[in-house]
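Before any comments, here is the structure.
The values are calculated or read from the model by the stated rules, or taken from the named source; none is laboratory data. Since this is a predicted model, take the numbers as computed values, not measurements. Every residue, glycine as well, gets a Cβ built from its backbone with ideal geometry; the counts of neighbours run over all protein chains shown.
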Amino acid sequence: MAHRTFFWFILPSLAAMLLFIALPLVSVAVQSLHIEHEQVLKVTKNCGPFGCKEETTVDAEATRVLRDQKPLGRFNGLKTYFDRGHLATAEVAQAWQERSSLGGFLADLYNLPLYKAIGFTLVYTFVVTPLVIVLGLAIALGVNRVTPILKGPTIFVSLLPMIVTPLIGSLILFWMIDAQGIIGKSLQYFFDDPELSLKASPALTWMTLIVYGIWHSAPFAFVVFYAGLQTVNSDSLEAAQIDGANRWQQLRYVVIPHLMPLVIFISLIQLMDNFRVFEPIVGFSAQANATSLSFIIFNDLRGDVMRFNSAAATSVLTILGVTILLLPVLIRTWRDFKGKAI
Amino acid sequence: MFLKKLAVAGAVTVLSGTTALAGCGLSAGNVNILGNDFAAIQAVVAGASECAGDGVTVSANLTTEHRDLQVAALTANPAQYSSAIVANSSIVPLLNDGLIRSLDDLVAKHGEGLQPSQLITIDGKVMAVAFMANAQHLFYRSDVLAAAGVQPPKSYEDVLAAAAKIKSAGLMDHPVIMNTKTGWNLGEEFVNMYMGTGAPFFKAGTAEVAINNDHGVAALNMLKSLTEYSNPDYLTYDSNATAAVWEAGQAALGIMWGSRGGPILDDEGSTEAVTGSTVLTGAPTLMGDNVASTLWWDGFTISANVSDADAEATFVALVNGISDDVVRANNDAAVWLSAVYEPSAASAGVSATAMSGANPYPMLPYMGLLHGALGAEITEFLQGSETAEQALADVEAAYTAAAKEKGFLK
């Protein structure tokens with residue numbers, strides 16, 4: 001395709017990407033560098049059903065004047081990034097100086113909201129991603145050998161977890177694992193422990209979320225691998241059989257190398273998705289035991305007071321996190337690409 | 001045939017005529033209400049909807065997520081909603097940004113039926129009209145308490161003692177229930193408990209937080225002691241969950257919202273054994289005579305960014321929504337701030353809490369930030385992984401970072 005044709009071909013999607021992805025990103029980055037104006041406060045007499053009281057209120061008029069002059073607020077540089085709600089550099093430095101042991105330092109670190117969220121996010125990402133790939137491949141291999149009549153229904157059932165909306169899926173499971181729910185009660189029976197609750201301890205909550213994550217994402221890997229399996233060269237497989245390769249060896253030396261590009265593709269997508277884990281935390285009401293970067297952003301934007309600047313800073317940090325996470329895979333892909341070009 | 005048509009036309013005219021009269025005498029205007037979703041507010045909106053017709057439209061969005069929508073929706077010009085139904089915490093962000101209008105002229109023109117105590121005045125201007133009161137207070141099961149041989153508790157020490165007896169008597173493993181879901185609910189429990197210590201949240205006249213003291217530790221320790229008698233899932237319990245557990249008969253000592261009283265006592269969702277023995281009473285005290293609860297009102301505001309005609313129509317419709325007829329028809333749905341309201345078993349708890357000298361929830365512009373910090377940071381103490389002092393220090397640090405960003409602290 002000529003460059004000119006190509007340009008006109010992708011112009012609409014390029015424009016949409018600029019408008020709906022790039023510009024909002026710039027806006028978020030700019031907001032993260034600002035904080036709100038100093039509030040003009042005054043003491044007023046307020047009355048209501050429970051009597052009168054002298055209380056501090058915001059002088060809305062004076063604040064509006066300030067805001068009209070500079071709608072973005074005060075420029076704060078990178079200070080929001082380094083405050084306690086984000087990278088907490090001062091707190092981390094202090095914890096390092098006063099550490100009694102590495103464990104003590106990590107405990108102090110885990111007490112800070114961003115690091116607590118990063119802790120869960122990373123564990124979730126690095127446990128769920130490989131297990132999704134392994135499980136997805138296993139399902140694909142299994143379905144590939146099912147008799148043709150049963151293939152359709154099997155594929156449909158295997159895809160169900162992905163079809164169910166994450167929030168609904170996690171809510172249903174949340175009710176099932178409740179101490180009164182069918183799974184919760186059964187577990188109490190099997191472990192003979194009437195106090196057992198999957199929602200109560202951090203360890204069990206993490207396990208629940210991770211199992212949910214694998215359950216939800218495995219169908220995606222399955223579909224991709226299943227499509228890939230249809231393209232495996234039967235000549236190579238036959239050759240391997242003639243050479244005396246058993247089923248495991250065929251899988252290890254023929255099928256998996258053939259599917260390698262798909263493994264990289266799924267890893268990329270899953271790393272990105274899992275790093276932004278969010279819905280299961282809301283669905284499972286797990287915020288007491290597990291938070292993620294996305295959940296912190298959500299939390300900043302809820303309730304009586306919305307903290308846009310703080311949320312913007314966390315968003316930028318999330319983007320940086322995703323970039324760092326994907327770097328090894330991207331570099332590898334780039335090398336492969338260059339290798340092929342030569 | 002012609003006569004029949006005429007008669008029908010006449011009837012329609014008469015009907016629409018009466019609607020226009022009973023329907024508030026409005027000729028035009030768009031009324032659009034944003035509010036929380038529970039029985040009393042549904043009744044108010046239904047009452048306001050009677051004014052629809054003859055060029056007046058009334059619509060509403062009632063959702064438990066209303067607090068997340070209201071600032072953005074009312075900042076737009078024209079505003080998305082002509083009225084936001086608020087409580088004493090959720091009015092603050094609207095006041096901070098100047099998004100609601102003074103109601104002085106509308107009260108003078110259309111508010112003859114309102115009582116002075118219903119008018120929320122800020123700096124001498126009426127900014128909201130309150131229609132109901134609410135508070136978290138004690139619910140107890142008289143049958144379970146009798147079986148355990150304990151008197152109804154007056155203080156939180158009594159609650160703990162009663163819970164211990166119920167548990168040791170083998171009546172219930174988890175007799176205590178509270179709205180302790182991490183986040184806003186848990187923050188509210190601490191605020192209530194801290195109120196019971198009588199100490200202020202902030203250094204006088206400043207936005208500097210002052211809860212890391214003996215009072216804060218006492219409040220936290222009491223919360224933790226109570227959660228030890230709660231179901232292990234307590235950190236996921238919001239108001240809906242606690243009401244369901246109560247109706248299932250699995251708790252005997254509850255700290256829940258008064259507005260849940262009506263739905264719990266009615267004949268739906270529970271058994272006679274539970275509803276017949278559920279008693280609503282005042283909130284317990286913590287230190288001395290200090291009631292560990294906060295008083296709340298719910299009321300309506302009118303957006304600043306709507307036309308005067310829409311504002312007037314909204315005010316008239318909502319005054320109609322809290323009319324004597326609505327209050328009489330929904331007497332048990334809330335503790336109405338109305339002359340015709342008749343106290344009932346469902347309102348006994350809120351009334352007793354208000355009478356015993358509880359304070360209203362602080363309407364300070366930075367209170368929401370502290371509430372948010374509390375909800376996020378005290379979980380680890382309740383789970384036993386950090387000390388009370390550390391939890392309070394974390395709350396103060398989280399609040400301070402947020403207050404700096406919002407411009408309340410330097």
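Every test in (1) farther than 22 Å from residue B:274 by Cβ; (2) within 14 Å of chain A (Cβ to nearest Cβ) is passed by residue B:154 save one, and that test is (2).
Could you say whether any residue in region B:90-104 is within 27 Å of residue A:64 (Cα to Cα), touching a residue at least 12 places away in the same chain (Cβ under 8 Å), among the aliphatic types (A, V, I, L, M) and touching a His at 6+ places or on another chain (Cβ under 7 Å)?
So far as region B:90-104 goes, no, none of its residues is within 27 Å of residue A:64 (Cα to Cα), touching a residue at least 12 places away in the same chain (Cβ under 8 Å), among the aliphatic types (A, V, I, L, M) and touching a His at 6+ places or on another chain (Cβ under 7 Å).
For region B:317-327, the count of residues that are within 13 Å of chain A (Cβ to nearest Cβ), under 17 Å from residue B:118 (Cα atoms), among the hydrophobic types (A, V, I, L, M, F, W, C) and outside any loop (DSSP other than H, G, I, E, B) is zero.
Listed conditions (1) over 23 Å from the mean Cα position of the chain (by Cα); (2) in a helix (DSSP H, G or I) are all met by residue A:45, apart from (2).
From the list A:72, A:18, the lone residue that is surrounded by fewer than 18 Cβ atoms within 10 Å (Cβ to Cβ), free of Cβ contacts under 8 Å to residues at least 24 places away in the same chain and either out of contact with any Ser or Thr (no Cβ under 8 Å at 6 or more places or on another chain) or not in a helix (DSSP H, G or I) (or both) is A:18. For region B:166-179, the condition of being buried (at least 20 other Cβ atoms within 10 Å of the Cβ) and either under 20 Å from residue B:289 (Cβ atoms) or of a type in the set (D, E, K, R) (or both) holds for none of the residues. Restricting region B:46-60 to residues that are out of contact with any strand residue (DSSP E or B) (no Cβ under 7 Å at 6 or more places or on another chain) and assigned to a loop (DSSP other than H, G, I, E, B), which is surrounded by the fewest Cβ atoms within 10 Å (Cβ to Cβ)? Residue satisfying both the conditions and the ranking: B:55.
Residues B:311, B:283: which one is out of contact with any Pro (no Cβ under 7 Å at 6 or more places or on another chain) and outside any helix (DSSP H, G or I)?
B:283 is the lone residue from the list that is out of contact with any Pro (no Cβ under 7 Å at 6 or more places or on another chain) and outside any helix (DSSP H, G or I).
The set of residues in region B:118-146 being touching a helix residue (DSSP H, G or I) at 6+ places or on another chain (Cβ under 8 Å), hydrophobic (A, V, I, L, M, F, W, C) and away from chain A (no Cβ under 13 Å) consists of B:138, B:139, B:144, B:145.
Residue selection: residue A:179 fails the criterion of being at negative phi, in the same structural domain as residue A:234 (by TED's automatic domain parsing), at pLDDT 90 or above and out of contact with any Cys (no Cβ under 8 Å at 6 or more places or on another chain). Has region B:177-186 got any residue that is more than 10 Å from chain A (Cβ to nearest Cβ), touching a helix residue (DSSP H, G or I) at 6+ places or on another chain (Cβ under 9 Å) and among the hydrophobic types (A, V, I, L, M, F, W, C)? Yes.
Yes/no per residue for (1) touching a helix residue (DSSP H, G or I) at 6+ places or on another chain (Cβ under 7 Å); (2) in contact (Cβ under 8 Å) with a residue 60 or more places away in the chain; (3) among the aliphatic types (A, V, I, L, M):
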{"site": "B:279", "(1), (2), (3)": "yes, yes, yes"}
{"site": "B:284", "(1), (2), (3)": "yes, yes, no"}
{"site": "B:291", "(1), (2), (3)": "yes, yes, yes"}
{"site": "B:308", "(1), (2), (3)": "no, no, no"}
{"site": "B:322", "(1), (2), (3)": "yes, yes, yes"}
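Could you list, in sequence order, all residues of region A:53-69 that are free of Cβ contacts under 8 Å to residues at least 24 places away in the same chain and more than 8 Å from every other protein chain (Cβ to nearest Cβ)? Scanning region A:53-69 gives A:54, A:59, A:62, A:65, A:68, A:69. Just for region B:344-369: of the residues that are outside any loop (DSSP other than H, G, I, E, B), crowded, with 20+ Cβ neighbours inside 10 Å and touching a strand residue (DSSP E or B) at 6+ places or on another chain (Cβ under 7 Å), which one is farthest from the other protein chains (Cβ to nearest Cβ)? Checked region B:344-369; the qualifying residue farthest from the other protein chains (Cβ to nearest Cβ) is B:349. Against the numbered list (1) small (Gly, Ala, Ser); (2) part of a helix (DSSP H, G or I); (3) within 14 Å of chain B (Cβ to nearest Cβ), residue A:138 comes up short only at (3).
Okay, residues lined up against (1) in contact (Cβ under 8 Å) with a residue 12 or more places away in the chain; (2) closer than 13 Å to residue A:141 by Cα; (3) assigned to a helix (DSSP H, G or I):
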position: A:215; (1), (2), (3): yes, no, yes
position: A:225; (1), (2), (3): yes, yes, yes
position: A:253; (1), (2), (3): yes, no, yes
position: A:261; (1), (2), (3): no, no, yes
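Take residue B:338 and decide whether it is in a loop (DSSP other than H, G, I, E, B), more than 8 Å from every other protein chain (Cβ to nearest Cβ) and either of a type in the set (Lys, Arg) or crowded, with 19+ Cβ neighbours inside 10 Å (or both). Yes, satisfied. Of the residues making up region A:96-112, those that are part of a loop (DSSP other than H, G, I, E, B) and away from chain B (no Cβ under 13 Å) are A:98, A:99, A:100, A:101. Please tell me if residue B:410 is within 13 Å of chain A (Cβ to nearest Cβ), among the basic types (Lys, Arg) and touching a residue at least 24 places away in the same chain (Cβ under 8 Å). It is false that residue B:410 is within 13 Å of chain A (Cβ to nearest Cβ), among the basic types (Lys, Arg) and touching a residue at least 24 places away in the same chain (Cβ under 8 Å). As a summary of the residue check, residue B:95 satisfies the conditions (1) buried (at least 18 other Cβ atoms within 10 Å of the Cβ); (2) within 13 Å of chain A (Cβ to nearest Cβ); (3) outside any helix (DSSP H, G or I) except for the one numbered (3). Here residue B:407 fulfils each of the conditions (1) surrounded by 18 or more Cβ atoms within 10 Å (Cβ to Cβ); (2) on the phi < 0 side of the Ramachandran plot apart from (2).
Yes/no matrix, rows are residues, columns are (1) surrounded by 13 or more Cβ atoms within 10 Å (Cβ to Cβ); (2) within 30 Å of residue B:385 (Cβ to Cβ):
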position	(1), (2)
A:188	yes, yes
A:213	yes, yes
A:232	yes, no
A:235	no, no
A:238	no, no
A:244	no, no
A:268	yes, no
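Residue pairs whose Cβ atoms lie under 8 Å apart, sitting 6 or more positions apart in sequence or on different chains, and linking a residue in region A:83-95 that is outside any loop (DSSP other than H, G, I, E, B) to a partner that is of a type in the set (A, V, I, L, M, F, W, C), are A:89/A:82; A:90/A:82; A:91/A:112; A:91/B:397; A:92/A:109; A:92/A:112; A:95/A:105; A:95/A:109. Here B:108, B:72 are screened, and the one residue that is more than 20 Å from the chain's Cα centre (by Cα), assigned to a helix (DSSP H, G or I) and within 13 Å of chain A (Cβ to nearest Cβ) is B:72. Listed conditions (1) part of a helix (DSSP H, G or I); (2) closer than 29 Å to residue B:131 by Cα; (3) more than 17 Å from the chain's Cα centre (by Cα) are all met by residue B:268, apart from (1).
Being within 14 Å of chain B (Cβ to nearest Cβ) and either within 30 Å of residue A:235 (Cβ to Cβ) or part of a helix (DSSP H, G or I) (or both) is the filter here, so list the residues in region A:263-308 that pass it. Result: A:280, A:281, A:282, A:283, A:295, A:296, A:297, A:298, A:299, A:300, A:308.
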